[in-house]
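Before any comments, here is the structure.
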Amino acid sequence: MCGIVGYIGKKQAAPIILDGLAKLEYRGYDSAGIAVFDGEKIVTQKAVGRLKVLENLTHGGESLKGFSGIGHTRWATHGAPSDLNAHPHTNKERTIAVVHNGIIENYIPLRKKMLDKGYEFVSETDTEVLAHLLDYYYKGNPLEAITKVLHRVEGSYALGIMFADFPGELYAARKDSPLIVGKNEDGCFIASDVPAILKYTRTVYYMDNQEVVRLGAEDLQFFSVDEEPLTKKPVTIDWDADAAEKAGYEHFMLKEMYEQPKTITDTISPRIKDGDIVIEELNMSDEELKSIRKIHIVACGSAYHTGVTAKYVLEGMVRIPVEVDVASEFRYRDPILEEGSMVIVISQSGETADTLAALRESKARGFKVLGIVNVVGSSIAREADSVMYTWAGPEIAVATTKAYSAQLVALYMLAMKLAKVRGNINEEQFANLLNDLRCLPDQIELLLGQKEKIQHFANRYVGARDIFFIGRGIDYAISLEGSLKLKEISYIHSEAYAAGELKHGTISLIEDGTLVVALSTQPELFQKTISNMVEVKARGAFVMAVTNEGNKAIEKAADYVVYIPETNPWFSNSLAIIPLQLFAYYVAVGRGCDVDKPRNLAKSVTVE
């Protein structure tokens, strides 16, 4: 959540910073601000609302002259959205400016300390205490002041800092909140994420926890929190710069849905060799894979839903017990991790705070952790014992589509690998699964080709008040994601239920005309699900069914049917989710919602 961009170099800073912040809008925000050193002093400009307001106030940054600066898009945590609460924050003399992502957990006692020393606060934020602490400890050496402050704050932070006394330098620091550093021939950059600076450089450095960097126009130097110099190696970003642009699509979400076939191909192809699945990054021998006795999957949001699907796939294909936890609950329930357990954490950004905390909790207990992430060099990628990348490229829309699909196929491949090594499936079964896996991209292309049909149906429900999703087994896991997609971008109340639970209370919510979306892709559960569809229809529901080609019997119980191509039932989520993504998208568009930036949500949730 929130976005930071900073620049120091040979070019005017403000236009570069505003351009970078625009590339981070997907992270979620409610206000924005910028600070630039104009040759004599630090000048700030802030505005509530979309970044466009700040761009208009500064004429695209042209009215803020200067070659160094920092910018920020804020998502309110401490204090309502306002000009005073927006970043950057400064000391009283406005000689120090700071932008901050994260939460300072001990800001209340620190604020009291500063008040006792005569400092005055003008905002309600936890961040302003940093500006005053920097002022208090600054004695002419910026690095010394920063490290003293970092030793006294608790919580998470990514910081960009300017000192008017040192106009040729910018400083940045991080702990548990993402921050990268970039460099080109014209200057140096800081940013919360790669898309912000991809237009300017592909050479980046990933900062680790409790590191500080000093940036100049031509060089940069890293330090530990104890001021010890550090040596870091740069990473070259190989993303296509156009991947972070809309390329003619109305929304990033629609573009990313259409990128799913390529995403799946890119995720599976490098790992299929000579008719086998080779996951070199596991760093585990066949004997180690055979010794796994239990798997714990930990994730948040849509990534959690891929974990729910994986539970059915792993238990069914590998015959190994699997627990799936919401990351924010995992460490607080004091989980029992038995000897022989494997922990898998899933995160698109690789920076999800609760998932990262679960990773650290697992490692502290002596268990190896596999991370399934999309971002090279992210915190989870660096801290996990092994990493399986999804190769989805940049995903800009807040509501995930292609990263979700990539996580699914990564988990399918892991299940297939485990099942083969452990002797749970034979060569013929493995070959059939591999063939079905390879067919998924083309099958998804076919489903995306039905968008007009889905759009026409979705237009009937732009005014819906409640929509329910039901399914059994893997279909229940699909329902969870379909419901989330709808509610997060259309703001329609939506719930997903295990279909067998309807009669235990939920069916009382069904009224005349209520839309119930029924998932039925598991052959052994067809009849059970049809019975549930008949139940809700009898109470006035309109039923939309998503099922396999050839399952014509469902038409007697459903009012509207979407058929998906035939595939192995374990892989059905990858196909059934496509019409649900399209349905959610077109309902939201019909309601006039901001599809890419839904209210109150952020792409990368880096606070608990």
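The values are calculated or read from the model by the stated rules, or taken from the named source; none is laboratory data. Everything numeric here is computed off the predicted structure, so don't read it as measured data. Backbone-built Cβ (ideal geometry, glycine too); neighbour counts: all protein chains shown. These area figures cover heavy atoms from the full protein model, side chains too; ligands, DNA and RNA do not enter into them. Shrake-Rupley method; radii C 1.70, N 1.55, O 1.52, S 1.80 Å.
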### Message
Exactly one condition in (1) closer than 29 Å to residue 537 by Cβ; (2) open to solvent by less than 10 Å² (accessible area, probe 1.4 Å) is false for residue 410; which is it?
### Response
(1)
### Task
Go through (1) modelled with pLDDT under 95; (2) open to solvent by less than 60 Å² (accessible area, probe 1.4 Å); (3) in contact with a helix residue (DSSP H, G or I) (Cβ under 6 Å, 6 or more places away or on another chain) one by one and return the number of the condition residue 282 breaks.
(3)
### Task
Only one of these is of a type in the set (Gly, Ala, Ser) and buried (at least 24 other Cβ atoms within 10 Å of the Cβ): 140, 182. Name it.
182
### Summary
Residue pairs qualifying under the 7 Å Cβ cut-off, at least six apart or on distinct chains, with the first in the range 341-353 being touching a residue at least 12 places away in the same chain (Cβ under 8 Å) and hydroxyl-bearing (Ser, Thr, Tyr) and the second being open to solvent by 10 Å² or more (accessible area, probe 1.4 Å) and in a strand (DSSP E or B), are 341/294
### Message
Taking the condition of being modelled with pLDDT under 90 and within 16 Å of residue 190 (Cβ to Cβ), how many residues in the range 23-66 meet it?
### Response
3
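Results for (1) more than 30 Å from residue 292 (Cα to Cα); (2) surrounded by fewer than 19 Cβ atoms within 10 Å (Cβ to Cβ); (3) among the aromatic types (Phe, Trp, Tyr); (4) in contact (Cβ under 8 Å) with a residue 40 or more places away in the chain, shown as yes or no for each residue.
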{"position": "415", "(1), (2), (3), (4)": "no, no, no, yes"}
{"position": "428", "(1), (2), (3), (4)": "no, yes, no, no"}
{"position": "438", "(1), (2), (3), (4)": "no, yes, no, yes"}
{"position": "454", "(1), (2), (3), (4)": "yes, no, no, yes"}
{"position": "458", "(1), (2), (3), (4)": "yes, no, no, yes"}
{"position": "461", "(1), (2), (3), (4)": "yes, no, yes, yes"}
{"position": "467", "(1), (2), (3), (4)": "yes, no, no, yes"}
{"position": "476", "(1), (2), (3), (4)": "no, no, yes, yes"}
{"position": "480", "(1), (2), (3), (4)": "no, no, no, yes"}
### Query
If you go through the range 465-472 one residue at a time, do you hit one that is under 23 Å from residue 548 (Cβ atoms), part of a helix (DSSP H, G or I) and not basic (Lys, Arg)?
no
### Message
Residues to consider are 444, 372, 454, 396; find the one that is assigned to a loop (DSSP other than H, G, I, E, B) and β-branched (Val, Ile, Thr).
### Response
396
### Message
Among (1) at pLDDT below 95; (2) farther than 20 Å from residue 536 by Cβ; (3) crowded, with 21+ Cβ neighbours inside 10 Å, there is one condition residue 447 misses while meeting the rest; what is its number?
### Response
(1)
### Task
Have a look at 96, 108 and point out the one that is surrounded by 22 or more Cβ atoms within 10 Å (Cβ to Cβ) and over 27 Å from the mean Cα position of the chain (by Cα).
96
### Query
Among (1) without any contact (Cβ under 8 Å) to a residue 60 or more places away in the chain; (2) part of a loop (DSSP other than H, G, I, E, B); (3) on the phi < 0 side of the Ramachandran plot; (4) in contact with a strand residue (DSSP E or B) (Cβ under 7 Å, 6 or more places away or on another chain), which single condition is residue 511 missing?
(4)
### Message
If I ask for residues that are among the basic types (Lys, Arg) and either part of a loop (DSSP other than H, G, I, E, B) or at pLDDT 95 or above (or both), which ones from the range 149-182 would you list?
### Response
152
### Summary
For the range 327-349 the number of residues that are farther than 23 Å from residue 403 by Cβ and either outside any loop (DSSP other than H, G, I, E, B) or not β-branched (Val, Ile, Thr) (or both) is 10
## Note on the structure
Residue pairs qualifying under the 8 Å Cβ cut-off, at least six apart or on distinct chains, with the first in the range 535-561 being within 21 Å of residue 507 (Cα to Cα) and the second being among the basic types (Lys, Arg), are 535/503; 543/537; 557/537; 559/537
### Query
Restricting attention to the range 290-346, which residues are open to solvent by less than 20 Å² (accessible area, probe 1.4 Å) and of a type in the set (D, E, K, R)?
325
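Here is a yes/no grid of residues against (1) open to solvent by 40 Å² or more (accessible area, probe 1.4 Å); (2) aromatic (Phe, Trp, Tyr); (3) under 25 Å from the mean Cα position of the chain (by Cα):
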position	(1), (2), (3)
502	no, no, no
507	no, no, no
528	yes, no, no
541	no, no, no
561	no, no, no
571	no, yes, yes
576	no, no, yes
586	no, yes, yes
599	yes, no, yes
### Task
Say whether the condition of being buried (at least 24 other Cβ atoms within 10 Å of the Cβ), touching a helix residue (DSSP H, G or I) at 6+ places or on another chain (Cβ under 9 Å) and under 24 Å from residue 600 (Cα atoms) is met by at least one residue in the range 36-53.
no
### Task
Of the numbered conditions (1) open to solvent by 10 Å² or more (accessible area, probe 1.4 Å); (2) out of contact with any Leu (no Cβ under 7 Å at 6 or more places or on another chain), residue 72 fails exactly one; give the number of that condition.
(1)
### Task
Would you point out the residue of the range 156-177, among those that are open to solvent by 10 Å² or more (accessible area, probe 1.4 Å) and out of contact with any Pro (no Cβ under 9 Å at 6 or more places or on another chain), that is farthest from residue 374 (Cα to Cα)?
164
### Task
Starting from the range 290-317, keep only residues that are without any contact (Cβ under 8 Å) to a residue 24 or more places away in the chain, then list their pairs with residues that are outside any strand (DSSP E or B) and open to solvent by 30 Å² or more (accessible area, probe 1.4 Å) whose Cβ atoms are within a distance under 6 Å, requiring at least 6 positions of separation or different chains.
none
